[in-house]
1. With the structure loaded, tell me whether Gly182 is more than 24 Å from the chain's Cα centre (by Cα) and touching a residue at least 24 places away in the same chain (Cβ under 8 Å) or whether it fails that test.
2. Whether any residue in the stretch 22-40 is surrounded by 14 or more Cβ atoms within 10 Å (Cβ to Cβ), within 18 Å of Glu89 (Cα to Cα), at pLDDT 85 or above and within 18 Å of the chain's Cα centre (by Cα) is what I want to check.
3. For the stretch 197-245, give me each residue that is surrounded by 23 or more Cβ atoms within 10 Å (Cβ to Cβ) and either touching a strand residue (DSSP E or B) at 6+ places or on another chain (Cβ under 8 Å) or without any contact (Cβ under 8 Å) to a residue 12 or more places away in the chain (or both).
4. Mind listing whichever residues of the stretch 224-257 are touching a Phe, Trp or Tyr at 6+ places or on another chain (Cβ under 7 Å) and part of a loop (DSSP other than H, G, I, E, B)?
5. Looking at (1) of a type outside the set (S, T, N, Q); (2) farther than 27 Å from Ile249 by Cα; (3) in a helix (DSSP H, G or I), which is the only condition Leu31 fails?
Amino acid sequence: MPRWKPLPAELHPHIRHLIVRLRRLKDRGALGTRQLAAKTGYSAKSWQRYLNGRALPPREAVEAMARIGGEDPTRLLALHEMAAERWAEGRAAPDALADRAPATPEPTTSRLSYGRYPRVLVAAGGVALVLSVSIALLLALQLAEARAQLAHARTDTVAAPSTVTESLVPTVYSCRLQESDGRWYAGLSRTTSTILAYTHVGPEVAEAQCLLRRAGVSPGDVDGVFGPKTQRSVEHIQEREGLVADGVIGPHTWKALREADPR
């Protein structure tokens, strides 16, 4: 089994989750990148970029990998769809047709006027600026919404204040555990499918932290912040329940949390 290089730190958790799953399918089949190229139609260099987080694999490449690994492609394609949305927010989408193997080099031309290059650079800079501003506004809105939810929770509950970080206001959550139809709820969220990963904040994270405590795996303070302690606790419960220990809470992990027996 190869020793994988660490993925780029700036990758969104949804993209990281997809790449980790693809790496495991490759390891399971003991396939090299040349073998993948022969079986999928995408070049070995393309697979190296996909598996090292430098480019997002096309949908067809993900489906082909699932078929080779003997796995139902439905979940992988769902992960790819979420990863593609995040990839488009911060990077230009890869050209899937250029990755097909064997690749035929396209003829170049020298007829472009030198005067066009400054205009192209200005246009590209404008697009990058618009994307940066849009992402900043989106993050600001998400943070404002999270703070409003935390303030609302403080008016409804009485509990000791949790850990305060530099980027978040002090948070207060209390666990009101109750069983319904064989599943446990903490009174903060009834979701069974929301994807939660490292750096996420909000009542859904606090709900997961309450359920982790009930299952006997302490995530630290119930503060609604998906930090390192919460991530390690999620990986622990995933290993205990026989799930993929990727530290990301999805539908399968929610089911395990809501139905797990305390230990």
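1. Taking the combined requirement at face value, the residue satisfies it.
2. For the stretch 22-40, residues surrounded by 14 or more Cβ atoms within 10 Å (Cβ to Cβ), within 18 Å of Glu89 (Cα to Cα), at pLDDT 85 or above and within 18 Å of the chain's Cα centre (by Cα): absent.
3. Of everything in the stretch 197-245, those that are surrounded by 23 or more Cβ atoms within 10 Å (Cβ to Cβ) and either touching a strand residue (DSSP E or B) at 6+ places or on another chain (Cβ under 8 Å) or without any contact (Cβ under 8 Å) to a residue 12 or more places away in the chain (or both) turn out to be Val201, Val205, Glu207, Ala208, Leu211, Gly224, Val225, Phe226, Val234.
4. Gly224, Phe226, Gly247
5. Status for Leu31: all satisfied but (3).
Listed here are the residues, each with its yes/no results for (1) closer than 24 Å to Ile195 by Cβ; (2) part of a helix (DSSP H, G or I); (3) in the same structural domain as Arg67 (by TED's automatic domain parsing); (4) touching a Ser or Thr at 6+ places or on another chain (Cβ under 8 Å).
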site	(1), (2), (3), (4)
Leu7	yes, no, no, no
Arg21	yes, yes, yes, no
Lys26	yes, yes, yes, no
Arg54	yes, no, yes, no
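So that you can scan it fast, the table gives a plain yes or no per residue for (1) touching a Lys or Arg at 6+ places or on another chain (Cβ under 8 Å); (2) at pLDDT 85 or above; (3) under 18 Å from His14 (Cα atoms):
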{"site": "Arg75", "(1), (2), (3)": "no, no, yes"}
{"site": "Met82", "(1), (2), (3)": "no, yes, yes"}
{"site": "Glu89", "(1), (2), (3)": "no, no, yes"}
{"site": "Thr104", "(1), (2), (3)": "no, no, no"}
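Listed here are the residues, each with its yes/no results for (1) more than 23 Å from Arg86 (Cα to Cα); (2) among the hydrophobic types (A, V, I, L, M, F, W, C); (3) at pLDDT below 55; (4) outside any helix (DSSP H, G or I).
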position: Val122; (1), (2), (3), (4): yes, yes, no, no
position: Leu131; (1), (2), (3), (4): no, yes, no, no
position: Leu139; (1), (2), (3), (4): no, yes, no, no
position: His152; (1), (2), (3), (4): yes, no, yes, no
position: Glu166; (1), (2), (3), (4): yes, no, yes, yes
position: Thr171; (1), (2), (3), (4): yes, no, no, yes
position: Arg190; (1), (2), (3), (4): yes, no, no, yes
position: Ser193; (1), (2), (3), (4): no, no, no, yes
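The values are calculated or read from the model by the stated rules, or taken from the named source; none is laboratory data. A quick note: this is a predicted structure, and the numbers were derived from the prediction, not measured. As a convention, Cβ positions derive from the backbone with ideal geometry for all residues, glycine included, and neighbour counts pool all protein chains shown.
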